[in-house]
Amino acid sequence: MMRRGYRIFTAVLILIIIFGIKGTVMSKENAKLRAKQNRYYAAMEAEYREKTQELLEKEGYRNCGINLTWIAYEDGRREYTLLLHHRKLDRLSAAERAVLQSRLTETEFHEEACSFRYEL
C-alpha cells in the first residue's frame, strides 16, 4: 500500500516537472515571436510617420508635431492613435478636418490587425 502511494506521488511530481518545462519553452518561443513582430511594426510605424510628415508639409503644416501611440492586444490586434500638434489645425472647420483626416488615411499601412484613430 505504501509503495503504491509513493509511485502515484512520483508520477504526479514528474508530470508537474514536464508541464513546467513545456511552459517555459513555449514562453520563450512566444517572446521571440513577439520581438520579431515588434521589429516589423516598428519599421512600418517609422515609414508611416515619414509619409505623414511629408503629407502635412505638402498641406502647409510645416513642423507639425506628430505623436503616434499604440495599444497591442493579446489577440494580435493593434490600435494606433495619431495626435497632431499645429497652430493651424485649431482653426480648421469640421469639413476641413474631415478632408485632412481622409488624406491621412491614405498614408496608413494596410495591416489587417491594425486600426487607426486621429486627433487633430
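The values are calculated or read from the model by the stated rules, or taken from the named source; none is laboratory data. Since we're looking at a predicted model, the values are computed, not measured. Here the Cβ positions follow ideal geometry from the backbone for every residue, glycine too, while neighbour counts run over all protein chains shown. The area values use the complete protein model at the heavy-atom level, side chains included, leaving out ligands, DNA and RNA. Shrake-Rupley method; radii C 1.70, N 1.55, O 1.52, S 1.80 Å.
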Could you size up the charge dipole of the chain around its Cα centre, putting +1 on the beta carbon of Lys and Arg and -1 on that of Asp and Glu, and report it in debye to the nearest 20? 940
Among H86, L120, A98, whose Cα projects farthest towards the positive end of the dipole of segment 66-120, with charges put on the beta-carbon of Lys, Arg (+1) and Asp, Glu (-1)? H86
Expressed as a whole percentage, what fraction of the accessible surface of the chain belongs to carbon and sulfur atoms when a 1.4 Å probe is rolled over the protein heavy atoms? 56
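Once you list every other residue whose beta carbon is under 10 Å from the beta carbon of R103, what net charge do they have if Lys and Arg are +1 and Asp and Glu are -1?
In short, -1.
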Counting heavy atoms of the protein chains only and a 1.4 Å probe, report the per residue accessible area for the chain as a whole number of Å². 77
Sort largest first and round to whole Å: the equivalent ellipsoid semi-axes of the chain, each the square root of five times a Cα gyration tensor eigenvalue. 53, 13, 10
